[in-house]
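A quick write-up on the structure given underneath.
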Amino acid sequence: MLALIILILGTSFVLYTLLGGADFGAGIIEIFAGKREEKTITRAIAPVWEANHVWLILAVVILFTGFPLVYSSLSLVLHIPLMLVLIGIIFRGSAFTFRHYDVSYGRSHRYYTFLFKASSFITPMFLGITLGAMILGRITFNQSVGFYEMFVSPWLNVFCFIMGVFSTSLFAYIAAVFLIPEAHEDKEKNKYTRLARNTMASTITSGILVFIAAQWEGHNLVSDFLKSPISIISLAVVALLVPVILHFIHTKKAVYLRASIGLQVTAIVTGWFAIQYPVVINVKDGHHLTFFNTHAPDATLKQLLIALMVGLVLVIPAFIFLFRVFKVKE
Amino acid sequence: MEDLVAARLQMALSLGFHIIFSCIGMTMPVLMAFSEWRWLRTGKQVYLDVTKAWSKGVAIFFAVGAVSGTVLSFELGLLWPEFMKHAGAIIGMPFSWEGTAFFVEAIALGVFLYGWNRLNKWVHWISGVVVGISGVLSGIFVVAANAWMNSPSGFDWVDGKAVNIDPVKAMFNDAWLSQSIHMTLAAFVATSFAVAGVHAFLLLKNRTNTFHHEAVRSALIFGAVAAILQPISGDFSAKFVAKNQPGKLAAMEALYKTSKPAGLVIGGIPNDKEQKVDYAIHIPKLLSYLAHGDFTAEVTGLDKIPKDEQPPVLVPHIAFQLMVACGTVLALAGMLYIIFSYKWQYILFKRWWLTFIAFTTPLGFIAVEAGWTVTEVGRQPWIIFGVMRTKDAVSSMPGLQYSFFLITGVYILLTFILIRLMRRQIKTVPELYESAKS
C-alpha cells in the first residue's frame with residue numbers, strides 16, 4: 001500500500017516536472033523570443049496549464065495526507081523559498097491569463113508579459129533550491145541554532161543555487177522541445193530547434209555542476225550515486241537519449257520527440273529518487289526523514305489510496321481526452 | 001507584529017481572497033451550462049452570447065482561484081506546521097477527494113473554454129456540466145475539512161498525539177453537512193446576485209437590451225432559489241452550533257450571561273467590560289426558540305465557558321449581524337423576483353427594480369466573508385475545537401509578518417488588476433456580441 005502511494009507520488013512529480021515544467025519553461029523561452037513566439041506559446045499552454053498544474057497540488061496533497069511529518073517539516077524550515085515558489089505560481093498563472101484575455105495590447109500587455117516571464121523563471125529556480133535543500137542535509141529542527149542556521153543556510157548555498165539553475169534549464173529545455181511541433185512556420189520551428197539544443201547543453205552542464213557543487217559543499221553525492229544501481233541505469237538512459245533527442249529535434253517528429261523527452265525526464269527524476277530513497281529529507285543530525293518513519297497510519301493510507309485510485313480512473317481518461325483535443329488534432 | 005497575529009491575518013486574507021474565486025468557480029459553470037442548454041434547446045443566439053461572454057470572465061477568475069488555492073494548500077503548512085503534522089493524516093481524506101474533483105474540474109474547464117470549435121455541441125455542453133459538478137464537489141470537500149476543525153472526530157487525542165485515526169469518520173463529522181449546505185447555497189447566492197447585479201447595472205443604461213435581460217434572468221433563477229433556501233440552512237447551522245459550540249453561538253449573539261429564556265439581540269456593539277450590548281434591539285425569548293426550538297429553553301452564555309476558552313465577542317457578533325442582514329435582503333429579493341416573474345413581469349423592466357438588483361451586487365459576497373469571519377473567529381482560541389489551540393499550531397519561524405506583508409501586497413495588486421480587467425471586458429461586450437448591441 002505504502003509502495004503504491006510512493007509510486008503515485010513519484011509519478012505525479014514526474015508529470016509535474018514534464019508538463020508543469022514545460023509551461024514554466026515556455027515562459028523562460030519567451031525571454032528569448034518575439035511576438036510570433038508569444039502567440040504560439042499562448043496557444044500551446046492556455047488550454048492545458050491549469051490541468052498540468054494540478055499534478056503539483058496532487059503531490060502536495062499526497063505529501064500532507066500520507067506523509068504529514070515531511071510536509072510540516074518542509075514548510076517549517078523552507079518557509080522562505082517555498083513562499084517565493086508560491087509568489088511565482090501566483091504571478092505566472094494570473095499574468096498569463098490576464099494577458100491572454102485582456103483586450104488591449106497597450107502598456108498593460110507589456111507588464112503582464114514581464115510578470116509572466118519573471119515568474120516563469122523564479123518558480124523553477126526556487127523549486128530547485130527547495131529540492132536542493134532536501135538533498136543537501138543542512139536542515140535542522142533544533143531551534144537553538146538560531147534563525148540563519150535554521151531557516152536560511154539549509155537552502156542559501158552554492159549547491160542549492162546550482163540545483164535551481166539546473167531545474168530552470170531543464171524546464172526551458174522541455175519547453176523548447178515541446179514547442180517545436182507547436183509552431184506552424186519553419187522559421188519559428190528552427191528557432192525552437194536552436195533553443196532546444198542550447199538549453200539541452202545548459203541542462204547537461206548544470207547537471208554536472210550539481211555533482212561538483214555537492215562535493216564542494218561537503219555532500220558526497222557521487223558516492224551515493226555510485227551505490228545505487230537504479231540511479232546509474234537512469235543516468236545511462238538519460239545519456240543515451242541525448243543523441244536520440246538531438247536526432248528527433250532535427251527531424252521534428254512530434255510523437256517521438258514528446259515520447260523521448262518524457263522518458264528522459266522520467267529517468268532524471270527516478271535517478272534522483274533512487275539516490276536517496278527512502279530518505280525524503282536529509283537532516284543535519286542524521287535523523288533523516290524517510291517515507292517509512294513519517295507516513296500516516298494505515299487507515300489513512302488506505303483511504304488516500306482509494307481516493308487516488310478513483311481519482312486516477314477519472315483523471316487519466318479525461319487528461320488523455322484533453323490532450324487529444326488540443327495536442328493531436330492540430 | 002506578533003507572529004501569531006501575522007499568521008492569522010495572512011490566513012484570513014488568503015482565505016477571504018480565495019473564497020470569492022471558489023464561489024465563482026462553484027456557481028458560474030452551472031450558470032454557463034444552464035445558459036448553453038437554453039441555446040441548444042431554443043437555438044436563440046442570445047443564450048450562446050451570454051454563455052460565451054461569461055466564459056471569458058470565468059477563465060480569468062478560475063485562474064486566479066487555482067493559484068490562490070495552491071497558496072492555501074502550502075500555507076496550511078507554512079503557517080500552521082504543528083496543526084498539519086497532526087491533522088494531515090486525519091483530514092487528508094477530504095483534501096485528496098478535493099484534489100481529484102479539482103483535477104477533473106480543471107481538465108473539463110480547459111475543454112469547455114477552448115473546445116468551442118473542436119467538439120460536438122453536446123459534448124461541449126457536457127464538459128460544462130462536469131465543471132459544474134466537480135466544482136461544487138470540491139467546494140464541499142474543502143468545507144468538510146473545515147467542519148472537522150469545528151467538530152473534530154475520527155481520532156483519540158492521547159498525550160498530545162492523535163491515535164486510532166478513522167479518516168472516514170473525520171470527514172463525515174457532525175458539522176460537515178450543515179456547513180457544506182450553507183456554503184454551497186452561499187456560493188450560489190453570492191455569485192448569482194453579483195452577476196445579475198452587474199447586468200442590471202448595465203441594463204439601467206439601456207433597458208431594452210435582450211443580452212443583459214437574459215443574463216439577469218438566468219442568474220436570478222439560481223440566485224433566488226438559493227437565497228430563499230439559505231435562511232432555512234442557516235437555522236439548521238445555528239441549531240447545530242448552539243449544541244456543538246455554545247461559546248461560538250454566545251459570541252455571535254453577544255450573550256454574556258446564560259439565560260432561560262434568552263432574548264435575541266439585533267445589532268448593537270458588544271461591551272465586554274460591562275457584559276452587555278449597547279444600542280441593540282432586544283426581542284425577548286426569540287433566541288431560545290432559534291437555538292433550541294423552544295421559547296423557554298436555556299441558552300448557554302459566555303459565563304459558562306472557561307475564561308481562557310472564550311472566543312472574542314465583538315468581531316463574531318458584528319460579522320454575524322452583517323451576514324444575516326445581507327442574507328435577509330437577498331432572500332427578500334429572491335422572493336420578490338419569483339413573485340414578479342409569475343405575476344407582474346413588467347416590473348422586472350422597471351428602473352427601481354433594476355436599481356435594487358444592481359444594489360445587491362456585493363451583498364452576497366459580503367455575507368460570505370462575514371459568515372467565514374463568524375465561523376473562524378468564533379472558533380478561537382482553538383484551531384481544532386477543544387483539542388489544539390491556535391497559538392500552539394503556529395510556525396516557530398520568527399518574522400512571519402514579512403510573509404503577511406508580501407502576500408498582502410500581491411493580493412492588493414491582483415485585485416487592482418482584476419477590477420481594471422473586468423471593466424475592460426465588460427466594455428467590449430457590445431462589440432463582440434450582436435445581441436448586446438441595442
Checklist outcome for this item: residue B:44 fails exactly one of (1) more than 10 Å from chain A (Cβ to nearest Cβ); (2) at pLDDT below 90; (3) open to solvent by less than 10 Å² (accessible area, probe 1.4 Å), namely (3)
Item to check | Scan of the range B:165-216 for residues that are touching a residue at least 60 places away in the same chain (Cβ under 8 Å), under 22 Å from residue B:153 (Cβ atoms) and of a type in the set (D, E, K, R), ordered by number | outcome: B:174
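Name the single residue, out of those in the range A:27-40 being touching a Leu at 6+ places or on another chain (Cβ under 7 Å) and among the hydrophobic types (A, V, I, L, M, F, W, C), that is most open to solvent (accessible area, probe 1.4 Å). Spell out how you get there, then give the answer.
The initial filter retains those residues of the range A:27-40 that are touching a Leu at 6+ places or on another chain (Cβ under 7 Å), namely A:29, A:32, A:40.
Still in the running and among the hydrophobic types (A, V, I, L, M, F, W, C): A:29, A:32.
Numbers: A:29: 1, A:32: 122 Å².
By that ranking, first place goes to A:32.
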Checklist entry - Out of (1) open to solvent by less than 20 Å² (accessible area, probe 1.4 Å); (2) modelled with pLDDT of 90 or more, what's the single condition that is false for residue B:413? => result (1)
Checklist entry - Looking only at the range B:5-64, which residues are among the aromatic types (Phe, Trp, Tyr) and farther than 28 Å from residue B:397 by Cβ? => result B:34, B:37, B:39, B:47, B:54, B:61, B:62
Checklist entry - Mind checking whether some residue in the range B:367-390 is within 14 Å of chain A (Cβ to nearest Cβ), open to solvent by 30 Å² or more (accessible area, probe 1.4 Å) and of a type outside the set (A, V, I, L, M, F, W, C)? => result no
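When you look at residue A:14, is it part of a helix (DSSP H, G or I) and away from chain B (no Cβ under 14 Å), yes or no?
Working: part of a helix (DSSP H, G or I): yes; away from chain B (no Cβ under 14 Å): yes.
So residue A:14 fits the description; yes.
Every residue, every condition in (1) within 11 Å of chain A (Cβ to nearest Cβ); (2) within 30 Å of residue B:423 (Cα to Cα); (3) not hydrophobic (A, V, I, L, M, F, W, C), yes or no:
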site	(1), (2), (3)
B:50	no, yes, no
B:58	yes, yes, no
B:72	yes, yes, no
B:87	yes, no, no
B:90	yes, no, no
B:98	yes, no, yes
B:109	yes, yes, no
B:155	yes, no, no
Next on the checklist: Against the condition crowded, with 21+ Cβ neighbours inside 10 Å, under 25 Å from residue B:60 (Cα atoms) and at the interface with chain B (Cβ under 8 Å from one of its Cβ atoms), how does residue A:57 come out, does it pass?
Outcome noted: yes
Next on the checklist: Within the range A:6-20, does at least one residue satisfy the condition of being among the polar types (S, T, N, Q), surrounded by fewer than 21 Cβ atoms within 10 Å (Cβ to Cβ) and at pLDDT 90 or above?
Outcome noted: yes
Checklist outcome for this item: Taking the range B:289-321 and keeping only residues that are farther than 17 Å from residue B:244 by Cβ and touching an Asp or Glu at 6+ places or on another chain (Cβ under 9 Å), one is left with B:312, B:313, B:314, B:317, B:319
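Pick from B:403, B:396: which is open to solvent by 20 Å² or more (accessible area, probe 1.4 Å), small (Gly, Ala, Ser) and over 30 Å from residue B:224 (Cα atoms)? If you could, list the steps in order and put the result at the bottom.
Values: B:403 fails: open to solvent by 20 Å² or more (accessible area, probe 1.4 Å).
It is B:396.
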Checklist entry - Name the pairs: first residue in the range B:377-402 and farther than 29 Å from residue A:147 by Cα and at pLDDT 90 or above, second residue among the charged types (D, E, K, R) and part of a loop (DSSP other than H, G, I, E, B), Cβ to Cβ under 9 Å, at least 6 apart or on different chains? => result B:385/B:379
Next on the checklist: Just to be sure I understand the filter: pairs with C-beta atoms under 8 Å, separated by 6 or more residues or on different chains, first member in the range B:414-430 and within 11 Å of chain A (Cβ to nearest Cβ) and over 12 Å from residue B:64 (Cβ atoms), second member open to solvent by less than 40 Å² (accessible area, probe 1.4 Å) and small (Gly, Ala, Ser). Which pairs pass?
Outcome noted: B:420/A:108; B:424/A:104; B:425/B:57; B:429/B:53; B:429/B:436
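Yes or no, residue by residue, for (1) open to solvent by 20 Å² or more (accessible area, probe 1.4 Å); (2) in contact (Cβ under 8 Å) with a residue 60 or more places away in the chain; (3) over 28 Å from residue B:388 (Cα atoms):
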site: B:253; (1), (2), (3): no, yes, no
site: B:256; (1), (2), (3): no, no, no
site: B:259; (1), (2), (3): yes, no, yes
site: B:273; (1), (2), (3): yes, no, no
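Name the helices (runs of 4 or more DSSP H) wholly inside the range A:229-330 in which the number of residues that are without any contact (Cβ under 8 Å) to a residue 24 or more places away in the chain, out of contact with any helix residue (DSSP H, G or I) (no Cβ under 8 Å at 6 or more places or on another chain) and within 14 Å of chain B (Cβ to nearest Cβ) is 2 or more. Explain how you work it out, then say what you get.
Working: elements: A:229-251, A:254-276, A:291-294, A:298-323.
By residue number, A:298-323.
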Item to check | Members of the range A:73-132 that are of a type in the set (Gly, Ala, Ser), within 17 Å of residue A:27 (Cα to Cα) and more than 8 Å from every other protein chain (Cβ to nearest Cβ) | outcome: A:88, A:95, A:118, A:119, A:120, A:128
Checklist entry - Taking into account only those residues within the range B:183-198 that are within 8 Å of the chain's Cα centre (by Cα) and surrounded by 24 or more Cβ atoms within 10 Å (Cβ to Cβ), which is nearest to residue B:212 (Cα to Cα)? => result B:190
Checklist entry - Going by the conditions given, is residue A:265 under 25 Å from residue A:135 (Cα atoms), among the aliphatic types (A, V, I, L, M) and at pLDDT below 90? => result no
Checklist entry - What residue, of B:138, B:134, B:180, B:151, is modelled with pLDDT of 90 or more, closer than 15 Å to residue A:318 by Cα and hydroxyl-bearing (Ser, Thr, Tyr)? => result B:134
Checklist entry - Can you spot a residue in the range A:42-52 that is charged (D, E, K, R), facing chain B (nearest Cβ under 8 Å), surrounded by fewer than 22 Cβ atoms within 10 Å (Cβ to Cβ) and under 30 Å from residue B:53 (Cα atoms)? => result no
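Within the range B:149-162, does at least one residue satisfy the condition of being in a helix (DSSP H, G or I) and open to solvent by 10 Å² or more (accessible area, probe 1.4 Å)?
Our first condition is that a residue be in a helix (DSSP H, G or I); within the range B:149-162, this holds for B:149-150.
In the following step, the residues that additionally are open to solvent by 10 Å² or more (accessible area, probe 1.4 Å) were identified as B:149.
Within the range B:149-162, one or more residues are in a helix (DSSP H, G or I) and open to solvent by 10 Å² or more (accessible area, probe 1.4 Å).
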Checklist entry - Within the range A:183-211, which residues are over 21 Å from the mean Cα position of the chain (by Cα) and open to solvent by 80 Å² or more (accessible area, probe 1.4 Å)? => result A:184, A:185, A:186, A:187, A:194
Item to check | One residue from B:335, B:323 being open to solvent by 20 Å² or more (accessible area, probe 1.4 Å) and under 16 Å from the mean Cα position of the chain (by Cα) | outcome: B:323
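The values are calculated or read from the model by the stated rules, or taken from the named source; none is laboratory data. Source: prediction; values computed, not measured. Heads up, the Cβs are rebuilt from the backbone with ideal geometry, glycines too, and the neighbour counts pull from every protein chain shown. Ligands, DNA and RNA are stripped out before the accessible areas are found, and what is left, the full protein with its side chains, is counted by its heavy atoms. Shrake-Rupley method; radii C 1.70, N 1.55, O 1.52, S 1.80 Å.
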